[in-house]
Amino acid sequence: MLNDKNILITGGTGSFGHTFVPMTLAKYNPRRLVIYSRDEMKQWEMAKLFADDPRVRFFIGDVRDKDRLLRALDDIDFVVHAAATKIVPTAEYNPFECVKTNVMGAMNLIDACIDRGVKRVIALSTDKASSPANLYGATKLASDKLFVAGNSYSGAHGTRFGVVRYGNVMGSRGSVIPFFLSLADKGALPITDARMTRFMITLEEGVELVWHAFEDMVGGEIYVKKIPSMKLTDIALATVPDAKHDIVGIRPGEKLHEQMIGAEDALHTYEYPEHYKVLPAINGWSHDQNRIKDGTKVTEDFTYCSDNNTEWMSIETLHNWVVQHQDKVAKL
């Protein structure tokens, strides 16, 4: 699928990009892999890691700038959209900026990809887009809807758009594991709520889900990987076993439990061995056998939430993962 193709990843200097780039270079040998982002220092640091690989290119730009996107997308075949304003409290206190990047940026990218004849586009979503309780989630829900509807706009250009959705990425920048590790010498960890649960996924699993989406998509599907859950208190025990826990209360806009598929989407959701697929409700696409393939329809009352999950990660499993990845986890 991606062999000898030109690929661009927006927000490519983030945690996902640092995993997607080396994995994709090794597995598919693309002709060109373009990192599109607005932070020149992050690009400078990342460029050092791939200085000897002529396939990796860097392009300074912002998804808010449609003209710059049009220039960057010249002769690009596949796009991964990872650029976003993601930190929940940051979005709550800076809502205009969050909307500009997550909603307007999505619109710019969709238009630019269609105009440039890009073949396939996968946008990264979040559990917070399902029944959103905060601005970040609301903007990502809007973004998801835009990418789904983008398949109606592409017309003769044939650009296909899809979405992948997953929860807490283990060890990624700004996430709870590196945050807890940074407080290891303080003797206590802040716990928002002892009842809180989170989905757990590795960056490598996230990359593999994107690859699968590129291969499988017809257009408009939302892919949700089956992953385990953990209680926040267990994450703390696995990360810094000897630390005390201070209950500090839920932050503005934060959910008690993560949800990736709500009851409203159950009517259009199908189950597969390793993932779920939410099909588009528009245009009758949820009944399209080319999109359904060998999926099994979920029940009408189905939800996929971190507290009603059937798979749970043990404290020992996460602890072993943290020990194995501790040297790089805060740098992901």
Would you mind checking which residues have amide H under 5 Å from V56's amide H? H placed 1.01 Å from N; only 5 or more apart, or other chain.
L33
Please list, ordered by chain and number, the residues whose modelled amide H lies under 5 Å from the amide H of I261; skip anything fewer than 5 residues away on the same chain.
Y304
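Go through 304-314, 42-52 and give me the packing order, highest mean Cβ count within 10 Å leading.
My ranking of the peptides, most packed first, is 304-314, 42-52.
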With +1 on each Lys and Arg Cβ and -1 on each Asp and Glu Cβ, and nothing else charged, work out how big the dipole of the range 230-293 is about its Cα centre, in Debye to the nearest 20.
100
Using DSSP to define loop residues, name the GluC sites (Glu not before Pro) in the range 269-305 whose beta-carbon has at most 10 other beta-carbon atoms within 10 Å.
E300
Just to be sure I understand: with springs between alpha-carbon atoms less than 10 Å apart, which residue in F214, F302, F16 has the highest mean-square fluctuation in the Gaussian network model of the chain?
F302
Can you list the residues, at least 5 places off or on another chain, whose amide H is less than 5 Å from the amide H of T126, using H built in the peptide plane?
Y166
Rg and Dmax [Cα atoms of the range 187-269; Å; Rg one decimal, Dmax integer]
16.6, 51
Per the 1/(1 + (r/R0)^6) rule, R0 = 35 Å and r from the Cβ atoms of Q326 and D216, FRET efficiency to 0.05 is 0.50
For the range 12-136, one quarter of the surface area of the C-alpha convex hull, expressed in nm², comes to 8.1
Could you please rank R120, R291, R55, placing first whichever residue has the fewest other Cβ atoms within 10 Å of its Cβ?
R55, R291, R120
Charges on Cβ only, +1 for Lys and Arg, -1 for Asp and Glu, centred on the Cα centroid of the chain; of H319, V103, P89, which one is farthest towards the dipole's positive end?
V103
Charges at C-beta only: +1 for Lys and Arg, -1 for Asp and Glu. How large is the resulting dipole of the chain about its Cα centre, in Debye rounded to 20?
680
Final fewest-first order of L318, L69 on the 10 Å Cβ neighbour count is L318, L69
Binned at 5 Å starting from 0, the alpha-carbon pair-distance distribution of the range 1-62 in whole percents comes out as 4, 19, 35, 27, 11, 4, 0
Cut-off under 18 Å on the C-alpha distance; same-chain residues fewer than 8 positions from K42 excluded. Which aspartates and glutamates are left, in chain and number order?
D52, D53, D62
Let me spell out the model: positive unit charges on the Cβ of Lys and Arg, negative unit charges on the Cβ of Asp and Glu, origin at the Cα centre of the range 1-142. What dipole size does that give, in debye rounded to 20?
240
Quick note on T13, T24, T202, ordering by fewest other C-beta atoms within 10 Å, gives T202, T24, T13
How much mean residue ellipticity at 222 nm does the chain get from its helices, if each DSSP H run of length 4 or more adds -39500 (n - 2.57) and you divide by all residues, to the nearest 500 deg cm²/dmol?
-10500 deg cm²/dmol
Short version: ³J(HN,Hα) in whole Hz for each residue of the range 190-206, in order, from phi by Karplus 6.51 cos²θ - 1.76 cosθ + 1.60 (θ = phi - 60°), x for Gly and Pro, what are they?
x, 10, 5, 7, 5, 7, 4, 10, 9, 6, 10, 9, 8, 4, 4, 5, x
Filter K66/K225; K128/K244; K255/K293; K48/K100; K128/K297; K128/K226 down to the pairs with a C-alpha to C-alpha distance above 25 Å, please.
K66/K225; K128/K244; K255/K293; K48/K100
Based on the alpha carbon coordinates of the chain, what radius of gyration and maximum Cα-Cα distance (Dmax) apply, in Å?
19.4, 61
What distance in nm separates the simple spin-label points at D67 and R32, each placed 7 Å from Cα in the Cβ direction?
2.1
Rg/Rg_globular for the range 183-332, with Rg_globular taken as 2.2 N^0.38 Å and Rg from C-alpha atoms:
1.23
Integer Hz, Karplus 6.51/-1.76/1.60 couplings in order for the range 116-122, x for Gly and Pro
8, x, 4, 6, 9, 10, 10
Filter the trypsin sites (Lys or Arg not before Pro) in the range 178-251 down to the DSSP loop ones having no more than 14 other Cβ atoms within 10 Å, then list what survives.
R195
Using alpha carbon centroids, what distance separates the range 276-332 and the range 104-149, in Å?
19
Rg (one decimal) and Dmax (whole number) from the Cα set of the range 249-299, in Å, equal 14.2, 46
Residue farthest toward the positive end of the dipole of the range 1-152, with Cβ of Lys/Arg at +1 and Asp/Glu at -1: which of V148, F58, S125?
V148
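Readers should treat all values here as calculations from the given coordinates under stated rules, not as data from a laboratory. Predicted model, so just to flag it, every value in this text is computed and none were measured. Neighbour counts run over all protein chains shown; Cβ positions are idealised from the backbone, glycine included.
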